[in-house]
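Undergrad: The structure follows.
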Amino acid sequence: MPQLLHLAFEGIDASRSLTVLDIGAGMPESVRFFSRYRCRLYFVDLFGETGFASDRRGRRRPRETLFGRFLDFPRDTSFDICLFWDFLNYLTNPLLRDFAQTLRHYVHDDTRAHAFAAFSNALPFVGLRFGLEDTDRLTTRPLAVEVPHPHTRKHIADSLWPFSVARAALLEQNRQELLLEVRRI
Amino acid sequence: MFDKRKDNTKESSPSRQPRDARDPARPPVPQPARVPTEQRAATTKATIGATIVIKGELSGDEDILVAGEFEGSIDLPNHALTVVRSGQVKADVRANTVEIQGEIQGDIDGIDKVQITKTGRMQGNITSPRVILDDGAIFKGRIDMEPAPPPPAKPAPPPKRAAASAAKPTVPPTQAGQPAERSGSS
């Protein structure tokens, strides 16, 4: 299914340890896949944090601290690959920006990210959970709900600084696959 | 009957031969069932039972099975820790292998392997050359995977060969060699 994912792995220096951020639950196939690498793998299951924008009492968390809480990595963390899957489509516009802003502390010039966007935000976009079988093969588990904020490629490109859309590919079921790179300043 | 008892007393001697040899027609006296080796090993595992609650430091030179609650630290560098379904561990763990069927909160250093089974829940960081998540396992945290140690040393070191980049198209081998795609593109 994925056409661009393999590009996220291209040119990676295999002599050093790979640092990967997976915004999702630890999936067996993903762990199996990455066990081929020397790597440090962070699973941050923001999907699993039900109503992660609210605290346990249902109070909305302040926007500015929201991701700081969940994306609080050691200072020297620098991701080579970020796997966002469908996650961006769960975020409102301001949260999309906050998410990228928080991550900017943990990326470097060669960081690559992979994400899915909607081809059209007027069409249904059903959320999936993904496992990484190989760079050209994903496993999916349906979430059976439509994502709340489907974003188009353009929208993501406009909102996700410091990430920029390097490549996009149209997939079935209103999906677009995005390969993101960090904008060099 | 009497004979049998006599026989039994005699049988406490190391050799079993006399009874069978003397009266091969007699039905054999029931003997304790042989326990398969694996099962025996399992039954000899030191177990923290389901109703036991322990806080402290645990270390040892045998496999441990946790069915109860444990809080503290666990150090079994040469042995296996198994946390069964009812087991709850809040501890930093170092063990040769760790199998999680229950719940662990803490950091795990799995010298050989860490496996979270389908009923297992783990929150914390794992460092191990081999980490296995079964479908249904719940994991939150970080995994550090170092490649498996190199295969057994070659007996006679031949003259230096070019690193065999056994061509897996997109995936690098875990060792120093680089995959075809990578080496091509970098």
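Undergrad: For the range B:84-116 and the range A:113-162, what is the separation of their Cα centres, given in Å?
TA: For the range B:84-116 versus the range A:113-162, the Cα centre distance is 34 Å.
Undergrad: Next up: Karplus couplings for the range B:79-91 from phi (6.51 cos²θ - 1.76 cosθ + 1.60, θ = phi - 60°), rounded to Hz, Gly and Pro as x?
TA: Each residue's phi maps through the Karplus curve to give 9, 9, 10, 10, 9, 6, 3, 7, x, 10, 10, 10, 6 Hz.
Undergrad: Computing the accessible area with a 1.4 Å probe over protein heavy atoms, can you report the carbon and sulfur percentage for the range B:58-130?
TA: 37 percent
Undergrad: Also, quick follow-up: So what is the 222 nm mean residue ellipticity for chain A from helices alone, if each DSSP H run of at least 4 adds -39500 (n - 2.57) and you divide by all residues, rounding to the nearest 500 deg cm²/dmol?
TA: Mean residue ellipticity at 222 nm (helix-derived): -5000 deg cm²/dmol.
Undergrad: Pairs of alpha-carbon atoms within less than 8 angstrom and 6+ residues apart define the contacts here; what relative contact order does the range B:58-130 have, in percent?
TA: 23 percent
Undergrad: Using only the Cα atoms, work out Rg/Rh for chain A, with Rh taken as the Kirkwood radius, to two decimals.
TA: Values: Rg = 15.5 Å, Rh = 16.6 Å.
Rounded to two decimals, Rg over Rh is 0.93.
Undergrad: On a full-extension model of 0.36 nm per residue, what is the gain between A:GLN3 and A:TRP161, subtracting their alpha-carbon distance, rounded to one decimal in nm?
TA: Details: separation 158, 0.36 × 158 = 56.88 nm, distance 2.33 nm.
Fully extending the segment from A:GLN3 to A:TRP161 adds 54.6 nm.
Undergrad: May I pose another question? When Lys and Arg each count +1 and Asp and Glu each count -1, what net charge do the other residues less than 13 Å away from B:ILE104, Cβ to Cβ, add up to?
TA: -2
Undergrad: Next up: By the gyration tensor of its Cα atoms, with a ≥ b ≥ c the square roots of the eigenvalues, what is the shape of the range B:58-130: rounded for a/c under 1.5, prolate for a/b over b/c, or oblate?
TA: Verdict is rounded for the range B:58-130.
Undergrad: Shifting gears a bit: All other residues with a Cβ under 13 Å from the Cβ of B:GLU62 taken together, and with Lys, Arg as +1 and Asp, Glu as -1, what is their net charge?
TA: Value of the local net charge: -2.
Undergrad: Leaving out ligands, DNA and RNA, calculate the buried accessible area for the pair A and B with a 1.4 Å probe, summed over both sides, in Å² to the nearest 100.
TA: In total, chains A and B hide about 2300 Å² from solvent.
Undergrad: Could you give the length gained by full extension between A:THR139 and A:LEU123, i.e. 0.36 nm per residue of separation minus their alpha carbon distance, to one decimal place?
TA: The A:THR139-A:LEU123 span can extend by a further 3.5 nm.
The values are calculated or read from the model by the stated rules, or taken from the named source; none is laboratory data. None of these values were measured; they are calculated from a predicted model. For neighbour counting, all protein chains shown are included, and Cβ atoms are generated from backbone atoms with ideal geometry for every residue, glycine included. Surface accessibility is based on the protein's heavy atoms, side chains included, excluding ligands, DNA and RNA. Shrake-Rupley method; radii C 1.70, N 1.55, O 1.52, S 1.80 Å.
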